[in-house]
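Taken together, the values in this text are just the output of simple stated rules run on the coordinates, not laboratory data. If you're wondering where the values come from, they're calculated on a predicted model, not measured in any experiment. Cβ placement follows ideal geometry from the backbone for every residue including glycine, while neighbour counts extend to all protein chains displayed.
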Amino acid sequence: MIKLFSLKQQKKDEESAGGNRTGAGGKKASAAQLRIQKDINELNLTKTCEINFPDDDDLLNFRIIISPDEGIYKGGRFVFSFKVGQGYPHDPPKVKCETMVYHPNIDLEGNVCLNILREDWKPVLTINSVIYGLHYLFLEPNPEDPLNKEAAEVLQNNRRLFEQNVHRSLRGGYVGSTYFERCLK
């Protein structure tokens, strides 16, 4: 009985001395926190992407800035907010585009249509996978699965007009009755 008590006390002493992995404030890190830390450490960002943490102690909420250097969105600067829930990696992160953009797969409220953020999400996917998916949306907009149906229809029926609308929106101006802030870098 005494040995059992001393083992419990020894374990408590080790935990209080930092023997356990802990998050901010000395609390045990959740599985989501441990996984996101691993994902961030393994990020392989290209020169067209950067990561920003508004709060250095909160790895579950951050921004990714994508600045395509090719394609029709070349020169644009698009900010995405990532909110990683406690169910991560079993649940995908919540991603929202903070930059208003004329795009068939991003609506005017910033919702993003990317299959790996919905039905095709798997726990083996990482934040890196999501960033590559977002980057690919700017290289190859997909009118087959749109959130902005008007932009998708223009892309399908008149690619030249679509490209003109994209350039007008990047420079800051109206596309139809919608005003877009300048987002060229």
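Rounding to the nearest 20 debye, state how big the charge dipole of the chain is about its Cα centre with +1 on each Lys and Arg Cβ and -1 on each Asp and Glu Cβ. Provide the component values of the computation, followed by the final result.
Working: 25 positive and 25 negative charges, 99 e Å.
The calculation lands at about 480 debye.
Listed by chain and number, the aspartates and glutamates whose alpha-carbon sits under 17 Å from that of Lys83, ignoring those within fewer than 8 places in the same chain, are Asp39, Glu50, Asp55, Asp56, Asp57, Asp58, Asp91, Glu98, Glu109. Among Asn105, Asn41, Asn142, which one moves the most in a GNM of the chain with springs linking Cα atoms closer than 10 Å? Of Asn105, Asn41, Asn142, the Gaussian network model singles out Asn41 as fluctuating most. Residue pairs exceeding 28 angstrom between C-alpha atoms, taken from Lys47/Lys149; Lys74/Lys94; Lys94/Lys185: Lys47/Lys149.
Springs between Cα atoms under 10 Å define the GNM used for the chain, and in it the highest mean-square fluctuation of Asp56, Asp69, Asp91 occurs at Asp56. When the chain is treated as a Gaussian network with alpha carbon springs shorter than 10 Å, the biggest mean-square fluctuation among Thr99, Thr48, Thr126 belongs to Thr48.
The C-alpha atoms of the chain define a longest principal axis, and helix 159-171 lies at about 60 degrees to it.
Ranking Asn61, Leu170, Val79 by how far each Cα lies toward the positive end of the dipole of the chain (charges on Cβ) leaves Asn61 at the top. Averaging 1/r across all pairs of distinct Cα atoms in the range 37-81 and inverting the result yields a Kirkwood radius of 11.6 Å.
Working note: 222 nm ellipticity from helices only, DSSP H runs with n ≥ 4, each -39,500 (n - 2.57), summed and divided by the residues of the chain, gives -10500 deg cm²/dmol to the nearest 500.
With distances taken between every two different alpha-carbon atoms, the chain has a Kirkwood hydrodynamic radius of 18.6 Å.
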